[in-house]
Every structure is written in C-alpha cells, then in structure tokens.
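Let me begin by presenting the structure, written as structure tokens, before commenting on it.
The values are calculated or read from the model by the stated rules, or taken from the named source; none is laboratory data. Note that this is a predicted model, so its numbers are computed, not measured. For neighbour counting, all protein chains shown are included, and Cβ atoms are generated from backbone atoms with ideal geometry for every residue, glycine included.
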Amino acid sequence: MKFFSNKETRAYLRGLADEFGESTNAVRVELNRLEKAGLLQTENDGRMKLYRANSAHTLYPELNSVVKKLLGIDKVIDDVIAQLGTVESAFITGDYAQGKDTGIIDLVLVGTIERDFLHKLVEKAEKVIKRKIRLLVLTPDEFQNLKAHLLKDDALVIWSGGKTA
C-alpha cells in the first residue's frame with residue numbers, strides 16, 4: 001500500500017523495516033520480489049537503495065486503484081465530491097498521501113462548497129470506511145495563499161478540474 005497509493009512515495013530499506021516493525025531481511029526479500037517483478041524501481045543514493053513504485057508498469061494503474069479502494073479513498077471521492085457545490089480540486093495530505101494507514105485521512109477541498117452537506121456526507125463516509133476524515137475547505141484564493149505549504153508533502157491529488165485523478 002505504501003508505494004501504490006502515491007507514485008511519488010520513496011523509501012529506504014531500514015525506514016520501511018522500522019515503519020512496519022519487521023526485520024530488514026524480511027523487508028528486503030519482499031522488496032526484491034517486487035523489484036524483480038518490475039513493480040518497484042530503485043536508485044542508488046550513496047550506499048543506500050531508494051525504492052519507489054514503477055508507475056510505467058502496466059499493472060500500476062490497477063494496483064493504485066485497488067489500494068485506493070482498500071483505503072476507502074474511492075468512497076470519499078464518490079460520496080463527497082459528486083454531491084457538493086463547485087469543487088475545483090481535492091487532495092489528500094499527510095500520512096495517507098505517503099501510503100501510511102494511520103486511521104486519519106487529511107482531505108483538502110478547494111472551491112465553493114456546501115459545508116453543512118459536506119459534514120453530513122463525511123460522517124456517513126467515516127462509518128463506511130471506518131476511518132476519521134479531517135477536513136480543510138478552502139476558497140480558491142485561500143488555496144493560492146497556502147498552496148506551497150499544502151503541496152510540499154507529496155499530496156495525493158484525487159480530483160482536479162472536474163476529473164478524478
């Protein structure tokens with residue numbers, strides 16, 4: 001899930017072992033399998049290997065879709081965006097954007113949005129996906145002022161200009 005929720009996610013062996021509470025050998029075996037299958041790419045960073053998803057692999061779009069469904073992101077998109085006012089963009093920041101399932105989804109919506117309706121939809125979505133959704137709703141002007149800060153953490157864009165990403 002870490003690599004296939006956001007193609008910008010990169011990680012080192014030791015960081016992954018610490019994050020998942022596994023031995024470096026166990027993590028290395030799985031990383032090698034994914035690399036051999038062509039699903040992961042590596043690059044050398046000094047003496048260390050940096051892993052990332054191979055977004056050019058033919059299975060990447062499908063894996064990305066499956067991970068979004070497992071995380072419940074697809075339900076958030078369908079239940080929230082489709083029934084609101086004018087949504088210019090929507091993206092996920094924080095841990096979920098980095099492929100970590102912490103139980104809290106940080107969702108940022110930009111546009112002219114019916115907030116009361118939004119909160120009702122989010123309550124319903126939280127029950128379905130069994131995760132907390134932390135919302136930030138911005139006007140387009142507010143977003144322009146905060147854009148550099150919000151997008152610095154490899155945000156996962158899920159809606160932009162009327163299209164699901």
Q.
For the stretch 4-41, give me the residue count where each residue is surrounded by fewer than 16 Cβ atoms within 10 Å (Cβ to Cβ) and among the β-branched types (V, I, T).
A. 2
Q | All positions within the stretch 10-29 that are under 15 Å from G99 (Cβ atoms) and in contact with a strand residue (DSSP E or B) (Cβ under 7 Å, 6 or more places away or on another chain) | A | R10, A11, Y12
(Q) Checking the condition within 16 Å of K69 (Cα to Cα), β-branched (V, I, T) and loosely packed, with under 13 Cβ neighbours inside 10 Å, which residue from V128, V157 passes? (A) V128
Q: Only residues that are at pLDDT 90 or above and surrounded by 19 or more Cβ atoms within 10 Å (Cβ to Cβ): list them for the stretch 75-108, please.
A: I105, D106, L107, V108
